[in-house]
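Take a look at the structure set out below.
The values are calculated or read from the model by the stated rules, or taken from the named source; none is laboratory data. Treat the numbers as computed from the prediction; the structure is a model and nothing was measured. Here the Cβ positions follow ideal geometry from the backbone for every residue, glycine too, while neighbour counts run over all protein chains shown. Protein only, heavy atoms only, side chains kept; ligands, DNA and RNA dropped before computing areas. Shrake-Rupley method; radii C 1.70, N 1.55, O 1.52, S 1.80 Å.
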Amino acid sequence: MKTRQIITRTLTALISVFALISVIMLLSNCGETGSKKAVSEVDSTKDLKDFYEDYFVIGVAVGPNNLEGDQAEMIKKHFNSLTAENVMKPALIHPEENRYAWDNADKIVDFAQANGMKVHGHTLCWHNQTGAWMFQDSQGNQVTKEVALARLKDHITQVVSRYKGKIYVWDVLNEAVEDRDSTKIYRETMWYKICGEEYIRKVFQWAHEADPNAVLVYNDYNTENPGKRDRIYTMLKKLLDEGVPVHVVGLQGHWNINDPTEQNLRDAIEKFSSLGLKIQITELDVSIYTSRADTIDIGFTPEREQKQIDFYKMAFDVFREKKDVITGVTFWNVSDRYSWRDRRNMKCYPLLFDENLKPKKAYWEVVKF
Ligand code: G3I
């Protein structure tokens, strides 16, 4: 009898312990998944842009040949904004002083309009992909500041006016801040060498005059690096104090599985938005390689894939949390089929869609909230 009582009590105690453990596990699960869903619970009838409908615009950088065949269908499904990867850059849209080449840019704008998508203009003033003619006279000598500024004004006025009301946001100035040297603010580009810092204020003013409703962006990379972030902040604060029309900071987002840290990403968003500016992530891709030195082509290993999933999850958790200041997230290229970051013998797999345009595991992590 005594033995039976001991067994019964022991069993009751064990059952109670199991019940308690189950309740604790259930509660802790609820805590973790309070706003999170399992991948199997994600609504597979929705596409990327639909998940982010109440957050921000989801864009993609394209060339005219992305707008045909299977890529065109996929772009229409997942994105609601297009950026021209190259064809609106000065050298391509304005190859000679008296010649504009609108065709390719028009194709992108027309495709967007036909499919109810927005267009993000890229880019009006840059040191790269700009015709050498802009800086030279007919003898090949460097032009004066007056000539350079007059050409830049004509360029910006023509391009912005042509797409007035069709391009809602323009990357007005690209990468004008010094990348490394902490003793300088401005990058020593041809524009800076010829015009000094005056051109910086002017490009925003000319864009605003050409389309007063366009949203105007200062766009750069390494914006999460504290030194560069602070140099950009200093420039923007000065512009805003002078009443220059700048509305958005574009964090390009050419990142990798280790960089930036969550803290540096948050700090950059907070610092720029403290100026009253909105933020767009303008050129997002996350390479599986962490540096130029990390160039042994190890491929898309499970370990690198997991790191990429974790990085994308972290970044989009931050973006959603900061939705009051973030107005757009644009991917730089459509899928891992082609990325500007790929090198010979080094494929970077930086996007959310694989070479067959199918969502990768990182995609499901980004839409699972
Ligand atoms: O158009 C020529 C073509 O005629 C020639 O046959 C071919 C041979 O290589 O080159 C073509 O030009 C290429 C151009 O893209 C257009 O496809 C250039 O070589 C190539 O260097 C250029 O790369 C672009 C790069 O900007 C130039 O700096 C990338 O596609 C583009 O994704 C990239 O985008 C920039 C953003 O605008 C600004 N932020 C950084 C980002 C990455 O560099």
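Quick look at the numbers
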quantity	calculated
Of all residues making up the stretch 84-124, the number that are more than 22 Å from the chain's Cα centre (by Cα), more than 16 Å from the ligand (Cβ to nearest atom) and more than 18 Å from Leu152 (Cα to Cα)	3
Where a residue in the stretch 141-158 is farther than 9 Å from Trp206 by Cβ and its partner, wherever it lies, is among the acidic types (Asp, Glu), with Cβ under 8 Å and at least six apart	Val143/Asp137; Lys145/Glu198; Val147/Asp137; Leu149/Glu198; Arg151/Glu97
Close pairs (6 angstrom Cβ cut-off, 6 or more residues apart or separate chains): open to solvent by 10 Å² or more (accessible area, probe 1.4 Å) in the stretch 251-274, part of a loop (DSSP other than H, G, I, E, B) and at pLDDT below 95 anywhere	Asn256/Thr290; Asn258/Thr290
Enumeration of residues in the stretch 283-308 that are out of contact with any Pro (no Cβ under 7 Å at 6 or more places or on another chain), buried (at least 22 other Cβ atoms within 10 Å of the Cβ) and hydroxyl-bearing (Ser, Thr, Tyr)	Tyr289
Number of the exception - His254 against (1) within 21 Å of Leu124 (Cα to Cα); (2) in contact with a helix residue (DSSP H, G or I) (Cβ under 8 Å, 6 or more places away or on another chain); (3) not polar (S, T, N, Q)	(2)
Complete set of residues in the stretch 94-107 that are under 10 Å from Gly131 (Cβ atoms) and buried (at least 16 other Cβ atoms within 10 Å of the Cβ)	His94
Complete set of residues in the stretch 191-209 that are on the phi < 0 side of the Ramachandran plot and open to solvent by 10 Å² or more (accessible area, probe 1.4 Å)	Tyr192, Lys193, Ile194, Glu197, Glu198, Arg201, Lys202, Gln205, Trp206, His208, Glu209
Wholly enclosed helices (runs of 4 or more DSSP H) of the stretch 52-126 bearing at least 1 residues charged (D, E, K, R) and farther than 29 Å from Pro359 by Cβ	103-114
Close pairs from the stretch 287-315: first under 12 Å from Met346 (Cα atoms), partner part of a helix (DSSP H, G or I), Cβ under 6 Å, at least 6 apart	Ile288/Arg304; Ile288/Gln308
Boolean, Asp324 is open to solvent by 10 Å² or more (accessible area, probe 1.4 Å) and away from the ligand (no atom under 15 Å from the Cβ)	yes
Contacts under 7 angstrom Cβ, first residue in the stretch 69-91 being free of Cβ contacts under 8 Å to residues at least 60 places away in the same chain, partner near the ligand (Cβ under 9 Å from one of its atoms) and open to solvent by less than 10 Å² (accessible area, probe 1.4 Å), 6 or more apart	Ala84/His122; Lys89/Thr123
Single unsatisfied condition, Lys360 versus (1) among the basic types (Lys, Arg); (2) closer than 18 Å to Thr223 by Cβ; (3) more than 16 Å from the ligand (Cβ to nearest atom)	(2)
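Quick grid of which residues meet (1) at pLDDT 70 or above; (2) surrounded by fewer than 17 Cβ atoms within 10 Å (Cβ to Cβ):
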{"site": "Gln5", "(1), (2)": "no, yes"}
{"site": "Arg9", "(1), (2)": "no, yes"}
{"site": "Ser35", "(1), (2)": "no, yes"}
{"site": "Ala38", "(1), (2)": "yes, yes"}
{"site": "Gly59", "(1), (2)": "yes, no"}
{"site": "Ser81", "(1), (2)": "yes, no"}
